[in-house]
1. Going by amide H atoms built from the backbone, whose H comes under 5 Å of the H on Asp50, apart from near neighbours?
2. May I ask for the net charge around Ile57, where only other residues with Cβ less than 15 Å from the Cβ of Ile57 are counted and Lys, Arg are +1 while Asp, Glu are -1?
3. So, with a 1.4 angstrom probe, what is the percent of accessible area on the stretch 72-121 that is carbon and sulfur?
4. On full extension of the chain, what length is gained from Arg27 through His101, given 0.36 nm per residue of separation minus the C-alpha to C-alpha distance?
Amino acid sequence: VREVFDLPAGGLTLKGQVGDIAVAPKRSLTEGSYKTLTYIAMGLPTVAYDTRAQREILGPLGVYAPLGDVKALAQRIAELAVKPDGRRVLSARLRELAERHHSWLRSAEYLETIYAQVKARRSAAVGAPRSQLDTGTGEE
């Protein structure tokens, strides 16, 4: 097992792919998982604890173990380790998932859509009573 990332002051850099399986044993229920996005961008089948954040990223392509169950996590890794053909198929599907749903371009398109919706709502609200304009920011 080797760590494949370096976190210098300038941000995350990839040292290189050194394995066939990624393991993302993040236990937090309130945080996302940037490393998981990196793993799928590399097309690495990913074993993770079953949390909402991991399911949002990996969907049905994740290999999950119950949260905190180290034995189950090890078992999922072992199951993937003996299935090279399955890993190759999963790898291609994960890479496609990363390109289709988690790319910088897709993220920018998503943000532009949200900004356009907010702008349209504010434009539609022009002339509406103050109570309809309140955005909770204290600015108007």
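1. When sequence neighbours closer than 5 places are left aside, the close amide H contacts are Ala65, Leu67.
2. Net local charge, Ile57 excluded: +3.
3. Roughly 58 percent, rounded to a whole number.
4. Length gained, Arg27 through His101: 24.3 nm.
The values are calculated or read from the model by the stated rules, or taken from the named source; none is laboratory data. The model shown is predicted, which means the values in this text are computed figures rather than measured ones. With ideal geometry, Cβ positions are generated from the backbone for all residues, glycine too; neighbour counts draw on all protein chains shown. Only protein heavy atoms, including side chains, enter the accessible area calculation; ligands, DNA and RNA are left aside. Shrake-Rupley method; radii C 1.70, N 1.55, O 1.52, S 1.80 Å.
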